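Visitor: One structure, as structure tokens, below. Some questions next.
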Amino acid sequence: MEKLVACVIGSGIGGLASALRLAARGYSVTVLEKSGEPGGKVAQYNEAGYRFDMGPSLFTLPYLVDELFGLFGRRRADYLKVITLPMTGNYFFSDGLNLKAWSNKEQFLNEVEKTGVNRGKMERYLAKQSFLYEHAADVFLFKSIHKLSTYTSAAGRKGMKALHRMDAFTSMHQRNVKSFGDSRLVQLFDRYATYNGSDPYRAPATLNMIAHLEHNTGAYFPEDGLFGIITAIKRLADEVGVRFYFNTEVTGLVTKGCRVTGVKTRDSVYPADLVVNNTDITLFYRDIMPNARMYRKLMKRERSSSALIFYWGVRTTSALDVHNILFSADYKAEFEGLFKTKELADDLTVYIFISKKAVAADAPDGCENWFVMVNAPENVGQDWEEEVLKARRIVLQKIKSALDFSIEPLIESERVITPQDIECRTGSVNGALYGHSSNSRLSAFKRHPNFSRQYKNLFFTGGSVHPGGGIPLCLASARIVDGLIGAGK
Ligand SMILES: Cc1cc2nc3c(=O)[nH]c(=O)nc-3n(C[C@H](O)[C@H](O)[C@H](O)COP(=O)(O)OP(=O)(O)OC[C@H]3O[C@@H](n4cnc5c(N)ncnc54)[C@H](O)[C@@H]3O)c2cc1C
């Protein structure tokens, strides 16, 4: 019998995972990708002996990647080696405190005592986040929240029973203040809002469960860097017969009644029995399936924050770890800048990611590859040349004051990207890293569903649709699409 044909538009992590899941279901799968290589926001570059992951640097829930290999009876470890990081974050606070968030719980609790906060408080907090995740994830992250059947399933019933304990009526920040009192621990746990580009002063405290992923389940790192995930998945996809067409921009859909029958590019039509879109959902309604009402509606919603990143090849061997955070003295002002005034604040939290600390080949001997990032507002036409100069000045000063040395004379290669560059390179609206923000209780429900209400065989995956951005959630969205297709919905 002829195989049914599936087309996937875009080869971001969500598109690649969907392609594999469709191949495992027996579809003949074609992936159409506008750029010259797979991965979308997960990208890398090499220069003068340095390798840089350009996008994501944090990796949790590796079992979601393992699952993709399991679909074909393969072992992820044969394609991608992943290590557990001993430290999830090396935190430097503006008052001089250095707190190491060890993956080992006992070691972390000992470290927390430096702040004067009793370890029991931290244990209770982490247990609460574990409870939230256990009760919320199956229903709100791994199922379509836009289908009634989700709420009548076992996971749905479990989630609904715990609804009153989901902490949705207070903000992450308020809950953290109540939990710790100590402003440094509050800042450390408020930071998890940035893992999906949100504002801890507004996002519901339910999102504090993000901390559960690092502190209770672990932080991981692929031995070839984050881009290694893409290389491994692409290799598997090639082996199982997924066909890729790069430099191939999708420009429209061919439809008949309530079905999509093909995908259009500038010079061809690819016939399809089923289509999964992995491009930014807002632009999908502008460029691929024009729908002015949907486009306007999605444009109006608040988007996640973006980033301004310096990639520095530096001639030094620092005492830093893989993930290092130099906090600003005024976190609130930073988030006001990110979401209200859309300007960089005068003091910034600086994230320094050094993959060389886990992957020896990522920089020459005696050197390190510093990915230095500050959260930045979405691109609304700011003067990015000015903002880069301002950020660079603040970052260099912060490194000097927090780490007590000057990095500037040691920089031997430099590249910078702004929200505007992220927008151009990855096709995300205004350079938002994670689609729409999660700054309100209803954000999760307002995210676009993983299926089309108009066309029965059109589905959506990736960071701009349910359940949201970040590698684990994009993989979850592919799993949801798979479940919907399997259930014939
Ligand atoms: C700087 C940065 C840091 C980040 N840090 C982290 C992190 O530490 N941890 C984490 O988990 N996540 C992080 N993220 C977020 C994470 O990278 C994204 O949520 C995720 O990679 C998005 O995947 P996606 O499936 O939505 O596809 P995308 O990566 O958005 O890819 C979509 C693909 O569609 C293609 N495309 C667009 N239009 C068309 C068209 N018309 N035709 C064909 N193809 C098209 C694009 O070229 C692209 O390849 C970060 C992102 C960035 C940019």
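Visitor: If you take the residues in the range 312-328 that are open to solvent by less than 10 Å² (accessible area, probe 1.4 Å) and closer than 12 Å to Asn369 by Cβ, which one is nearest to the chain's Cα centre (by Cα)? Reasoning before the result, please.
Guide: So the first thing to find is which residues in the range 312-328 are open to solvent by less than 10 Å² (accessible area, probe 1.4 Å), and the list is 312-314, 322-328.
Right, trim to closer than 12 Å to Asn369 by Cβ and you get 312-314, 322.
Numbers: Trp312: 22, Gly313: 24, Val314: 26, Val322: 18 Å.
Ranking the candidates gives Val322 first.
Visitor: Based on this model, can you work out whether Leu22 counts as open to solvent by less than 10 Å² (accessible area, probe 1.4 Å), in the same structural domain as Ala487 (by TED's automatic domain parsing) and away from the ligand (no atom under 13 Å from the Cβ)? Quick ask: steps written out before the conclusion?
Guide: Working: open to solvent by less than 10 Å² (accessible area, probe 1.4 Å): yes; in the same structural domain as Ala487 (by TED's automatic domain parsing): yes; away from the ligand (no atom under 13 Å from the Cβ): yes.
So Leu22 passes the test.
Visitor: Within the range 228-243, track down each residue that is touching a strand residue (DSSP E or B) at 6+ places or on another chain (Cβ under 7 Å), surrounded by 21 or more Cβ atoms within 10 Å (Cβ to Cβ) and not in a loop (DSSP other than H, G, I, E, B). Don't jump to the end; show me each part of the working.
Guide: So in the range 228-243, the residues touching a strand residue (DSSP E or B) at 6+ places or on another chain (Cβ under 7 Å) come out as 228-230, 242-243.
With surrounded by 21 or more Cβ atoms within 10 Å (Cβ to Cβ) added as a condition, the list becomes 228-230, 242.
Within the range 228-243, Gly228, Ile229, Ile230 qualify.
Visitor: Is there any pair linking a residue in the range 13-31 that is within 18 Å of Tyr245 (Cβ to Cβ) to one that is of a type in the set (D, E, K, R) and assigned to a helix (DSSP H, G or I), with Cβ under 6 Å and at least six apart or on different chains, and which?
Guide: Close Cβ pairs (under 6 Å, with a partner that is of a type in the set (D, E, K, R) and assigned to a helix (DSSP H, G or I)) do not exist here.
Visitor: Looking at Asp190, Asp182, can you tell me which residue is among the charged types (D, E, K, R) and within 23 Å of Gly435 (Cα to Cα)? If you could, list the steps in order and put the result at the bottom.
Guide: Values: Asp182 fails: within 23 Å of Gly435 (Cα to Cα).
One residue alone meets the criteria, Asp190.
Visitor: Looking only at strands (runs of 3 or more DSSP E) that fall completely inside the range 250-294, which ones have 2 or more residues that are acidic (Asp, Glu) and either at pLDDT 95 or above or over 27 Å from the mean Cα position of the chain (by Cα) (or both)? Let's see the steps before the verdict.
Guide: Numbers: elements: 250-256, 259-265, 269-271, 274-277.
In the range 250-294, no matching strands (runs of 3 or more DSSP E) lie anywhere.
Visitor: Let me ask another. Could you please find all residues in the range 46-70 being within 19 Å of the chain's Cα centre (by Cα) and within 30 Å of Asp365 (Cα to Cα)? Outline the logic, then answer.
Guide: Kept after step one, since they are within 19 Å of the chain's Cα centre (by Cα), are these residues of the range 46-70: 52-68.
Passing the criteria: Phe52, Asp53, Met54, Gly55, Pro56, Ser57, Leu58, Phe59, Thr60, Pro62.
Visitor: Condition first: open to solvent by 10 Å² or more (accessible area, probe 1.4 Å) and near the ligand (Cβ under 8 Å from one of its atoms). Now tell me which residues in the range 426-463 satisfy that.
Guide: Thr426, Gly427, Leu433, Tyr434, Gly435, Gly463
Visitor: Same structure, new question: Considering only the range 148-197, state which residues are part of a loop (DSSP other than H, G, I, E, B) and either open to solvent by 60 Å² or more (accessible area, probe 1.4 Å) or of a type in the set (Ser, Thr, Tyr) (or both). Walk me through how you get there before you give the answer.
Guide: Going residue by residue through the range 148-197, those that are part of a loop (DSSP other than H, G, I, E, B) are 153, 162, 166-170, 181-182, 197.
Across the range 148-197, the qualifying residues are Ser153, Phe169, Thr170.
Visitor: Here's a follow-up. Please state which of the following conditions Ile399 fails to meet, knowing it meets all the rest: (1) touching a Gly at 6+ places or on another chain (Cβ under 7 Å); (2) modelled with pLDDT of 95 or more; (3) among the β-branched types (Val, Ile, Thr); (4) not assigned by TED's automatic domain parsing to the domain that holds Glu33.
Guide: (1)
Visitor: Looking only at the range 329-336, decide whether some residue is part of a helix (DSSP H, G or I), charged (D, E, K, R), open to solvent by 60 Å² or more (accessible area, probe 1.4 Å) and touching a strand residue (DSSP E or B) at 6+ places or on another chain (Cβ under 8 Å). I'd like the intermediate steps shown before the answer.
Guide: We begin by selecting, within the range 329-336, every residue part of a helix (DSSP H, G or I); these are 331-336.
Still in the running and charged (D, E, K, R): 332, 334, 336.
Checking the rest, the ones that are also open to solvent by 60 Å² or more (accessible area, probe 1.4 Å) come to 332, 336.
Restricting the remaining residues to those that are touching a strand residue (DSSP E or B) at 6+ places or on another chain (Cβ under 8 Å) gives none.
The answer is no; no qualifying residue exists.
Visitor: Identify all residues within the range 84-106 that are open to solvent by less than 80 Å² (accessible area, probe 1.4 Å) and outside any loop (DSSP other than H, G, I, E, B); write none if there are none.
Guide: Scanning the range 84-106 gives Met87, Thr88, Gly89, Asn90, Tyr91, Phe92, Asn98, Leu99, Lys100, Ala101, Trp102.
Visitor: Still on this structure, please answer the following. Specify the residue that is nearest to the ligand (Cβ to nearest atom); the eligible residues are those in the range 25-44 that are open to solvent by 20 Å² or more (accessible area, probe 1.4 Å) and part of a strand (DSSP E or B).
Guide: Gln44
Visitor: Considering only residues that are modelled with pLDDT of 95 or more and open to solvent by less than 10 Å² (accessible area, probe 1.4 Å), look in the range 212-227 and name the one that is nearest to the chain's Cα centre (by Cα).
Guide: So, considering only residues that are modelled with pLDDT of 95 or more and open to solvent by less than 10 Å² (accessible area, probe 1.4 Å), the one nearest to the chain's Cα centre (by Cα) is Leu226.
Visitor: Is it fair to say Pro200 is closer than 30 Å to Phe108 by Cα, open to solvent by less than 10 Å² (accessible area, probe 1.4 Å) and in contact with an Asp or Glu (Cβ under 6 Å, 6 or more places away or on another chain)?
Guide: On the way: closer than 30 Å to Phe108 by Cα: yes; open to solvent by less than 10 Å² (accessible area, probe 1.4 Å): yes; in contact with an Asp or Glu (Cβ under 6 Å, 6 or more places away or on another chain): yes.
So Pro200 fits the description; yes.
Per-residue answers, yes or no, for (1) touching a residue at least 40 places away in the same chain (Cβ under 8 Å); (2) buried (at least 21 other Cβ atoms within 10 Å of the Cβ):
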position	(1), (2)
Thr341	no, no
Leu348	yes, yes
Asp362	yes, yes
Asp365	no, no
Asn375	yes, yes
Glu387	yes, no
Arg393	no, no
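Visitor: May I pose another question? Out of the residues in the range 45-83 that are within 12 Å of the ligand (Cβ to nearest atom) and farther than 23 Å from Ile399 by Cα, which is surrounded by the most Cβ atoms within 10 Å (Cβ to Cβ)?
Guide: Val65
Visitor: Residue check, Arg266 against (1) out of contact with any strand residue (DSSP E or B) (no Cβ under 8 Å at 6 or more places or on another chain); (2) without any contact (Cβ under 8 Å) to a residue 24 or more places away in the chain; (3) of a type in the set (D, E, K, R), all met but one. Which one?
Guide: Exception for Arg266: condition (1).
Visitor: Go through the range 243-253 and count every residue that is over 11 Å from Cys7 (Cβ atoms) and not hydroxyl-bearing (Ser, Thr, Tyr).
Guide: Going through the range 243-253 one residue at a time, the tally reaches 5.
Visitor: Determine whether the range 201-208 contains at least one residue that is within 14 Å of the ligand (Cβ to nearest atom), aliphatic (A, V, I, L, M) and either touching a Lys or Arg at 6+ places or on another chain (Cβ under 6 Å) or closer than 30 Å to Gly337 by Cβ (or both).
Guide: Within the range 201-208, none of the residues are within 14 Å of the ligand (Cβ to nearest atom), aliphatic (A, V, I, L, M) and either touching a Lys or Arg at 6+ places or on another chain (Cβ under 6 Å) or closer than 30 Å to Gly337 by Cβ (or both).
The values are calculated or read from the model by the stated rules, or taken from the named source; none is laboratory data. Quick caveat, the model's predicted, so the values are computed rather than measured. With ideal geometry, Cβ positions are generated from the backbone for all residues, glycine too; neighbour counts draw on all protein chains shown. Quick note on the areas: whole protein, heavy atoms, side chains included, nothing else; ligands and nucleic acids left out. Shrake-Rupley method; radii C 1.70, N 1.55, O 1.52, S 1.80 Å.
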